[in-house]
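The numbers here are math on the coordinates, done by the rules we state, and not lab data. Since we're looking at a predicted model, the values are computed, not measured. Note: ideal-geometry Cβ built from the backbone for every residue, glycine included; neighbour counts use all protein chains shown.
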Amino acid sequence: MEPPPSVLSGLSVGSQAVVHRLVSHNWDPPDLSAFPRSRLAAVLVLLFEEAGELRTALPGGRADESDLDLVQTAFREANEEVGLPLNSSQIHTLATLQPFISLHKLVVTPIVALLADPSILSTLQAAEDEVAHIFSHPLEAILDPALARKESLVSPGSEDWTYDTELHSTSDSIIAVLGDLMYRMHRFQSTASPIKGLTADILIHIAEIAFGRSTEYDRWAVGQPRGFAAYCQLLALP
């Protein structure tokens with residue numbers, strides 16, 4: 001849903017274009033009614049502008065029986081995990097995107113929202129035993145990791161970045177729990193713990209839509225399924 005003109009006018013031209021691409025993204029939502037409620041999950045990808053660029057953070061979790069839909073799931077989990085206000089006039093839902101399959105075979109739906117008032121971020125508090133860090137990352141740096149060099153990234157060789165390469169690391173492996181599928185793990189160096197796995201996959205997909213271009217690196221492993229429908233077919237999911 002397009003945010004009000006008063007919200008859009010407060011964004012840079014580049015950020016306005018990103019919001020428009022996300023809102024106008026066309027795809028055919030799959031029918032998830034055959035999946036049990038316990039297998040459905042949602043993640044809120046919260047975007048906000050800082051110094052003219054969009055940044056992101058994303059808490060998420062499983063659907064609850066009381067949730068009306070996956071949008072409510074995403075916002076409820078964000079509220080429980082970091083205290084993001086519910087029903088805030090400063091938060092605008094932009095898009096619901098294609099689901100992803102987690103290693104536990106959860107069906108995870110990304111919900112993208114825009115935070116019009118970034119000062120709310122200073123009020124967030126990580127729930128003990130659920131969230132290790134609250135941090136943000138430039139969304140475009142997910143496509144081009146070199147753009148993250150201006151960030152105060154964790155030191156290479158520290159416990160938060162143990163990989164041989166700086167900024168972005170990948171490894172290909174066969175995932176037994178997903179039917180021996182080939183999978184490329186992406187890891188992005190950040191100001192806290194690495195952005196990796198399903199979180200990285202979701203952000204890559206969103207960033208490609210948001211900026212209308214592909215990654216500066218090879219996103220897929222050879223033979224890796226691409227998209228929710230391909231995973232469902234190979235795993236014989238509903």
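Just to confirm my numbers, what's the Cα centroid distance between region 119-172 and region 71-103 in Å?
20
Which helices, taking whole DSSP H runs in the chain, have alpha carbons extending 20 angstrom or more along the helix axis plus mean Kyte-Doolittle at least 1.0?
197-211
Have a look at the DSSP beta bridges in region 5-235 and tell me what percent are antiparallel, nearest 5.
Approximately 75 percent, going by the DSSP bridge assignments.
Name the residue farthest towards the positive end of the dipole of the chain from the options Thr123, Leu237, Ser38, assuming +1 on Cβ of Lys and Arg, -1 on Cβ of Asp and Glu, about the Cα centre.
About the Cα centre, the residue reaching furthest to the positive side is Leu237.
With each run of n ≥ 4 DSSP H residues scored as -39500 (n - 2.57), what mean residue ellipticity at 222 nm is computed for the chain after dividing by its residue count and rounding to the nearest 500 deg cm²/dmol?
Working: 5 runs with 52 residues, N = 238.
The helix-only estimate for the chain comes to -6500 deg cm²/dmol at 222 nm.
Given His186, Pro99, Tyr163, which one lies farthest toward the positive end of the charge dipole of region 95-199, if we put +1 on the Cβ of every Lys and Arg and -1 on the Cβ of every Asp and Glu?
Pro99
Would you mind checking which residues have amide H under 5 Å from Leu40's amide H? H placed 1.01 Å from N; only 5 or more apart, or other chain.
For Leu40, the qualifying residues are Ala63, Val107.
By its C-alpha gyration tensor, with a ≥ b ≥ c as the square roots of the eigenvalues, how is region 96-137 shaped: rounded for a/c under 1.5, else prolate for a/b larger than b/c, else oblate? Could the numbers behind the result be given before it?
On the way: a/c = 3.38, a/b = 1.43, b/c = 2.36.
It is oblate, given that a/c is not under 1.5 and a/b is not larger than b/c.
Would you kindly calculate the translational diffusion coefficient of the chain, applying Stokes-Einstein with the Kirkwood radius from alpha carbon pairs, for 37 °C and a viscosity of 0.692 mPa s, and quote it in µm² s⁻¹ without decimals?
177
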